[in-house]
Each structure stands twice: as C-alpha cells, then as structure tokens.
1. Per the Debye formula with a single identical scatterer at each Cα and no solvent contribution, what log10 I(q)/I(0) holds for the stretch 100-175 at q = 0.15, 0.25, 0.26 Å⁻¹?
2. Take every Cα pair under 8 Å in the stretch 37-165 that's 6+ residues apart, average their separations, divide by the length, and report that relative contact order as a whole percent.
3. Run the numbers for LEU130 and ALA36: contour at 0.36 nm per residue of separation, minus the present Cα-Cα distance, in nm.
4. For the stretch 82-131, what size does the Cα cloud have along each of its three principal axes, sorted from largest down, in whole Å?
5. Within the set of other residues whose C-beta is less than 14 Å from the C-beta of ASN102, count the net charge using Lys and Arg as +1 and Asp and Glu as -1.
6. Roughly to the nearest percent, how much of the accessible area of the stretch 24-139 is carbon and sulfur, given a 1.4 Å probe?
7. Rg to Rh for the stretch 39-161: what is it, with Cα atoms only and Rh by Kirkwood?
8. Largest first, what is the accessible-area ranking of ASP107, ASP149 with a 1.4 Å probe?
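The values are calculated or read from the model by the stated rules, or taken from the named source; none is laboratory data. These numbers were taken from a predicted model, which means no experiment stands behind them. Glycine also receives a Cβ, built like all others from the backbone with ideal geometry; neighbour counts cover every protein chain displayed. Calculation scope for accessible area: heavy atoms of the full protein, side chains included, ligands and nucleic acids excluded. Shrake-Rupley method; radii C 1.70, N 1.55, O 1.52, S 1.80 Å.
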Amino acid sequence: GLGTAMVAGATAAMGAITAFVGSGVKLATDLQAQMAGVQAILGITADDLEILRQKTLDLGLNPNLKVSAVEAAGAIEMLARNGLGMQEILDGAAESTILLANATGADFSNAANIATDAMAIFKIGADEMLAAVDGISSVTVNSKFDINDYANALAQGGGAASVAGVEFDDFNAAIAAMSPLFKAGADAGTSFKTFLQRTVPQSAQAAEAIEALGLEFFDADGNMRSMAEISGQLNQAMYGTSTAMTEVGGRTA
C-alpha cells in the first residue's frame, strides 16, 4: 500500500544519502593521505600544507580542467617528488601538469614527469609552463607521435639539444617534423642528438666540408641558429650540390 511505498522510498533515500556521505568521507580521507605525502616530501608547515590543500580543491573545481581534488593532489605529490618546490607548484606547475594530461591523454604521474623533465632540461620556469604545455601538445597533435613517444624523444635528445643551445620550441618543431621518418620517439630523439653532435665538426675534413657547403650552424656569439635557419641552409646546400652534380653529369654524358 501507500505506507509500504513510502517506507521503501524513505529507505532508498537513506541508502543514497549514506552512500553519498560515505563517498565524501572516503574522498576526504584519500585527499588527506595524499596531502600528508606532499607535506613529508616538501617538509612544509601545517599552514603551507593548508595552502596546497586549498590549491588542490581549486584545481578540482576548475571548469577548464578534468581532474578531481585527489588526482590533483597526486600530481602535486609527483611534482614534489621530482624536486619542485611549493612556490613552483603554486606558480603554474600543478595546473600545467593537469592541462598536459588532459590535452595528451597521459596519466597525471606521467604528465608530471614530462613537465619536470622539460623544466629541468630547458630551464623552463613554472610561470612559463603553460606555453611549454602548448608546445608539447602541438607535437602530439601535429605528428604521429603520442605523449609516450614525446617523453622518449625528450629523454634521448633533449639534453643534447639544450647543451647545443636549441630552444624548446625548436626542439618540439624538429621532433614533430622528424616523426614521419621514425617508428618511435626514442629513435627520433637519438637521431636528433646525433645530428646535433655532427654540427660540431669531428675532424678537419668535416670542417672543410661544412665550410665548402656554406653551412653556419652557429652565430657570431656561438649560439646555435634556429632549426628553421639550419633547415633552410641544408635545403639550399643540398639543392646546390644536386644542381652542380647535374651540370657535371651533363658535360660528361
């Protein structure tokens, strides 16, 4: 009857409320555990921890991000494990990491690893990470490489690129352009590293060949030119060589 239906309805409602409350308690417990890990890694005070906890809540509520507060706390913990300080995390590293994961399909831990690697290798500040995320994402959008390929390319070629003075944007452009030639990002990164090593002549004969082709990989201050400039030089040199060979062939045919 009506009474039975009302009782059943009330029971169902109580069950839903209990489940909702239980879920909230679990989330709060999980978040507390994550934040305790962050505090232990960073060695911060309770007041600083509260600032970071509020940051995770803000990230979880940000309509432009797909992340829960617990996931945000996990990303922050990984950033801290990778050596970032509290201020760097607050200044943009946390949000940038989440945006990178959202844009590329990476999990939050992997995104944190890639973000911190890029920051360390190319001396990128936390306040510059949003632009860096755009650059990384563009590689995965404009090439066949996914975020895992990119991570491997960065691991294999990023260090050599940075030492050679290659800008981060140039590195991304080069990896994207090379992607059709390689099956995996690691191969592209290794090949790019080898190319960079060859721009510094390994012998007098190599130096003479580079000079004969009119190639100048470095400017007057010793800084490597942009990848666009180098590519243009190589194209012109190869075109000139091909034309000369054709002319020689025509005379000797």
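1. -0.42, -1.30, -1.42
2. Working: 133 pairs, mean separation 25.3, N = 129.
For the stretch 37-165, the relative contact order is 20 percent.
3. Values: separation 94, 0.36 × 94 = 33.84 nm, distance 2.73 nm.
So the extension gain works out to 31.1 nm.
4. 25, 20, 19
5. Working: positive: LYS66; negative: GLU71, GLU95, ASP107, ASP134.
For residues surrounding ASN102, the net value is -3.
6. Details: 2820 of 5340 Å².
Ligands and nucleic acids excluded, carbon and sulfur give 53 percent.
7. Working: Rg = 14.0 Å, Rh = 14.5 Å.
Result for the stretch 39-161 is an Rg/Rh of 0.97.
8. On the way: ASP107 90, ASP149 30 Å².
So the residues, ranked largest to smallest area, are ASP107, ASP149.
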